[in-house]
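Contents: one structure, followed by commentary.
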Amino acid sequence: PHYFLTMTHTSFSANLIHVLIFLAACILLFLPISHAAPICPIQLISIDVSCVDNVGITDSENNADDVCRDSNRGEGRLVLHDDAVDYISSLDSPLYIVPALGVYRGGKSLLLNRAMNLTSPYLNGFGVGHSQSTFTRGINICHETVDNLGTIIWMDTEGLWSSEDAQSAHGPKLFSLALLLSSTVLLNQVKVLNDQFFDFFAEQQQVARILRSGLEAGGLPESEFLPMDLSLTWVLQQPIKFGDSDNDNNQTEDESNQLRGFFFGGTHDKEDTLRSRVAKEFNHSLHVIPRASHDARLWEKLDELPDSELLPEYVESTKKLRERVLEILYKTKGTRPATVVSHLKLFIDLVNTKSFAVSLAVEAFEEGEITQICEKFGTMVEHYAGKLPTNWLELRSATFHRAR
C-alpha cells in the first residue's frame with residue numbers, strides 16, 4: 001500500500017499495471033480460505049505454569065531466553081496456540097468476540113451453548129464438566145455465522161477463583177485479555193452478584209493504563225486498541241429471587257435497581273473510586289436466568305436434557321440473552337481476522353509482562369491500516385467498474401486518475 005500511495009504521476013499504462021498488481025494483492029490477502037474451519041471448540045489459550053514452578057529461581061540463574069522474569073514469576077503465563085490462529089484466520093469477516101467470564105463450576109459453558117442457539121446434545125459446542133473441579137482450561141473458542149451480521153467468536157474462559165487459578169494466579173490475565181479483545185462481555189455468576197469481580201477489574205484497569213501510556217508514547221491512536229463503550233452483561237444464574245415482577249417492564253426496572261445497588265448501595269462507599277470508574281467506563285446491564293430444573297438430581301446432566309425437560313422460563317431467558325447479545329453486536333463495529341490475530345499477540349504479551357511492546361503495537365496498527373486501504377480500494381474499483389462484464393481496462397485516463 002505504501003508503494004501504491006507514493007506512486008509518482010507516470011503514464012496511464014504504467015499506473016494501470018501498478019493498480020492491477022495492488023488489486024490482485026488485496027484479493028489474495030483477503031480471499032476467504034477455501035477449506036472449512038475445524039470443528040470447535042478450539043483451544044485458543046493455554047496456561048504455562050513453568051514460571052510458577054521456578055518461583056524460587058533468580059533471573060541470573062535463568063537462560064537468556066527464559067520468560068520467567070520478575071514481572072511474572074510465580075504466575076501462570078498465557079500461551080497462544082498456532083492452530084487457533086489458523087482457525088481465526090479461516091473465518092469470514094467481520095468478526096465479533098463474545099467471552100463469558102465467571103466463577104468456576106458456574107455454568108458458563110452451558111450458558112454459551114444456549115447463547116449460540118444450540119440445544120442438547122450441543123454438537124459443535126463447548127464441553128460441559130460434571131465434577132467439582134474446573135473443566136475449561138485457559139480459553140476455548142467456537143464460531144457462529146449470523147446472517148446480516150458476520151461471524152461471532154464465542155469465548156469460553158477458565159473459571160475464576162478455582163484451585164488452579166489460586167496456584168498460578170492467571171485469572172486476572174484471562175480477565176484482562178478477554179476485556180481487551182471483546183465486542184461485548186458476559187459476566188457469569190450464581191445466586192448473587194459477586195463483589196470479587198472488582199479485584200479483576202483493578203488488574204484490568206492497570207493493564208489499560210499501561211496500554212494507554214504506551215500508545216500515547218508511540219503516537220498510536222487509542223481508539224484502535226481499546227474498546228470504546230464496551231457493554232458488560234452481568235448474567236445472574238439461579239437467583240435467590242426470581243419472577244416477583246408482573247411484566248417485562250417491571251422485571252427490567254428490578255434488574256436496573258439491583259445492578260445500581262450492587263455498585264453503589266448497601267455497605268459500599270458511594271465514593272469508591274474503583275466501583276465508580278468501572279460503572280462509568282462500561283455500559284452495564286443485568287440478565288437473570290432461573291434454574292433449568294427444580295429437580296436437583298438433574299443439575300449434573302443438564303447438557304443431556306432436551307428443551308422439553310427444561311423449565312420454560314429457563315429456555316425463554318436463555319433465548320432472550322442471545323437476543324440481547326445480538327442486539328449489542330448489530331450496533332458494534334466488527335473487525336477482520338488478521339487484525340484480531342495481531343491484537344491477540346499484542347495483548348497476550350501485555351498481560352504476561354505488564355509492559356508495552358511498541359513493535360507489536362505498530363504491527364497491529366499497520367495491519368488495520370492495510371485492511372482499511374484494501375477495503376476502500378475495493379469499494380472504489382467496484383464503483384467505477386460497474387456491472388460485470390465491464391470495459392474497465394478501457395477507462396479514459398482522467399476517469400482512471402479520479403478512481404486512483
Answer with yes or no whether K301 is at pLDDT below 95, assigned to a loop (DSSP other than H, G, I, E, B) and either under 30 Å from D82 (Cα atoms) or open to solvent by 40 Å² or more (accessible area, probe 1.4 Å) (or both).
no
Mind listing whichever residues of the stretch 329-367 are closer than 30 Å to Q238 by Cα, assigned to a helix (DSSP H, G or I) and either open to solvent by 30 Å² or more (accessible area, probe 1.4 Å) or touching an Asp or Glu at 6+ places or on another chain (Cβ under 6 Å) (or both)?
Y330
Residue set L321, L259; condition touching a Leu at 6+ places or on another chain (Cβ under 9 Å) and under 20 Å from G125 (Cβ atoms); output residue L321
Quick count over the stretch 223-234, residues being open to solvent by 20 Å² or more (accessible area, probe 1.4 Å) and either among the small types (G, A, S) or at pLDDT 90 or above (or both), is 2
Meets criteria (modelled with pLDDT of 85 or more and open to solvent by less than 30 Å² (accessible area, probe 1.4 Å)) for T318:
yes
Taking only the stretch 107-127 into account, find how many residues are open to solvent by 10 Å² or more (accessible area, probe 1.4 Å) and closer than 16 Å to Q238 by Cβ.
5
Using the structure shown, decide if R291 is within 30 Å of G368 (Cα to Cα), open to solvent by 50 Å² or more (accessible area, probe 1.4 Å) and touching a residue at least 12 places away in the same chain (Cβ under 8 Å).
no
Only one of (1) out of contact with any strand residue (DSSP E or B) (no Cβ under 8 Å at 6 or more places or on another chain); (2) open to solvent by 50 Å² or more (accessible area, probe 1.4 Å); (3) modelled with pLDDT under 85 fails for G261. Which number is that?
(2)
Only helices (runs of 4 or more DSSP H) wholly contained in the stretch 74-171 count here; list those with 3 or more residues that are at pLDDT 90 or above.
82-89, 108-115
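The values are calculated or read from the model by the stated rules, or taken from the named source; none is laboratory data. All of these numbers come straight from a predicted model, not from anything done at the bench. Because the Cβ atoms are built from the backbone with ideal geometry, glycine has one as well, and the counts that use them run over all protein chains shown. The protein model used for the area step is the full one, side chains on, heavy atoms only, and it has no ligands, DNA or RNA in it. Shrake-Rupley method; radii C 1.70, N 1.55, O 1.52, S 1.80 Å.
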